[in-house]
Amino acid sequence: MRARYGVPLGITAVGAAGLAYAVGFEVRSFRLRRITVPVLPRGMRPLRVLQVSDIHMVSGQRKKQRWLRSLAGLRPDFVVNTGDNLSDPEGVPEVLDALGPLMEFPGAYVFGSNDYYGPKLRNPARYLMEKASGRHGLNGNAPAVGAIHNPWTELRDAFDAAGWVGLSNTRGRLKLEDIEIALTGLDDPHIKRDRYAEVAGGPESGADLSLAVVHAPYLRVLDAFTVDRYPLILAGHTHGGQLCIPFYGALVTNCDLDTRRVKGLSEHHAGGHTSYLHVSAGCGTNRYTPVRFACPPEATLLTLTPQTP
């Protein structure tokens, strides 16, 4: 009996342990990623930017709410929210409660598809099939039918009331004492709401720094921002792959970005130019797939420093 069933039972036990870890521990093991990006003009003081992304709030997620509130203790110069705050139409009050202390700081935001629409139960294997076919979201797939509409306008109104700058296919500015930050943002490319022609033209003159912001890091968007010479692009959406293989990495990105750059800081090259790209792995999951493996939930504190000679 041991020879015949020992190995299958062992594999089953390991798989069960891994699932228990992914569901019971790692998905709530919140981390702070710290990185340094040399994009400022020479002589400018460093700036600390807190990026939060892919919160996917579901009512009752108290630990996530406490952790998000605690991030205000970092005292960032400003906050960038790269979208997908919701995974529950009833979750708006809890998102605003969790982000309340951060909304005391200057900030900017874009929305993702899950801010606009509620999640649906789907076969996780579809992500692999979409990767193989090159179709993701509404990019090449049929339009969504019977979508649940989230109360995203309530989020927008609260963010705006706090002074955060909305960047859905538009530009905005943040004033930090003696420093002025120009930001250019797009609505979510995953559901084809991006309209780059409305913001094309590159960084504005007169600002100390220009940044680009988008939820989903599709290549068409990264190429456009890079050709227009933005020094840094901030994005989310990928969940860092969410279910990763130790010592290998992510299997999917849920967009056409390569898995090598599924999270963290990298470079993007287009049209003879180079931009830094930071993709946040986010701190949540779709409510129907509440697991993470080898990819802890995170926020990122980016310290922007002067460019090196």
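Between LEU86, LEU257, LEU277, the GNM of the chain built on Cα springs shorter than 10 angstrom shows LEU257 fluctuating the most. What fraction, in whole percent, of alpha-carbon pairs in segment 27-119 exceed 19 Å separation? So the portion of pairs separated by more than 19 Å is 43 percent. Beta bridges per DSSP, both residues in the chain: antiparallel share near 45 percent.
Ranked from largest to smallest solvent-accessible area, with a 1.4 Å probe on the protein heavy atoms, MET44, MET129 come out as MET129, MET44.
How do LEU74, LEU209 stack up against each other in accessible area, from largest to smallest, with a 1.4 angstrom probe? Could you put the intermediate results ahead of the total?
Numbers: LEU74 30, LEU209 10 Å².
Sorted descending by solvent-accessible area, the residues read LEU74, LEU209.
Taking the Cα centre of the chain as origin, sum charge times position over the Cβ atoms of Lys and Arg (+1) and Asp and Glu (-1), and report the length of that vector in debye to the nearest 20. Please list the in-between numbers first.
Working: 34 positive and 29 negative charges, 267 e Å.
For this selection, approximately 1280 debye.
Where q = 0.12, 0.15 Å⁻¹, what log10 of I(q)/I(0) comes from the Debye formula for segment 138-215, counting one point per Cα? Result of the Debye calculation: -0.45, -0.66. For PHE293, the amide hydrogen comes within under 5 Å of the amide hydrogens of LEU243, CYS244, counting only partners 5 or more places away or on other chains and with H modelled in the peptide plane. Largest accessible area first, the listed residues LYS64, LYS263, LYS175 line up as LYS175, LYS263, LYS64 when surface is computed with a 1.4 Å probe on the assembled protein chains. What is the percent carbon and sulfur in the accessible area of segment 259-309, measuring with a 1.4 Å probe over the protein chains and ignoring ligands? Result for segment 259-309: 51 percent of the exposed heavy-atom area is carbon or sulfur. Pairs of alpha carbons in segment 89-181 separated by more than 22 Å make up 46% of all such pairs. Just checking the listed ones, GLY172, GLY201, GLY118: in the Gaussian network model of the chain with Cα springs under 10 Å, the one fluctuating most is GLY201. Adding -39500 (n - 2.57) for every DSSP H run of four residues or longer, then dividing by how many residues the chain holds, sets the calculated 222 nm ellipticity at -7000 deg cm²/dmol.
Are there DSSP H segments in the chain that both extend 20 Å or more along their axis (alpha-carbon positions) and score a mean Kyte-Doolittle hydropathy of at least -0.5? List them, or say none. Counting only whole DSSP H runs, the qualifying helices are 2-24.
All alpha carbon pair distances within segment 208-289 were sorted into 10 Å bins beginning at 0; the resulting P(r) in whole percents reads 19, 50, 24, 7, 0.
Averaged per residue, what accessible surface does the chain expose to a 1.4 Å probe, in Å²? Show your work: numbers first, answer last.
On the way: 13920 Å² over 309 residues.
Spelled out: the 1.4 Å probe surface of the chain, per residue, equals 45 Å².
Annotation: average projected area of segment 115-265 is 10.9 square nanometres, based on the convex hull of Cα atoms across all directions. All Cα-Cα separations within the chain were binned at 10 Å from zero, giving a P(r) of 6, 28, 35, 21, 6, 2, 1, 0, each value a whole percent of the pairs.
The values are calculated or read from the model by the stated rules, or taken from the named source; none is laboratory data. What you see is a predicted model; the values in this text were computed from it and never measured. Cβ atoms come from the backbone with ideal geometry, glycine included; neighbour counts cover every protein chain shown. Side chains are part of the model used for accessible areas, which takes the heavy atoms of the whole protein and leaves out ligands, DNA and RNA. Shrake-Rupley method; radii C 1.70, N 1.55, O 1.52, S 1.80 Å.
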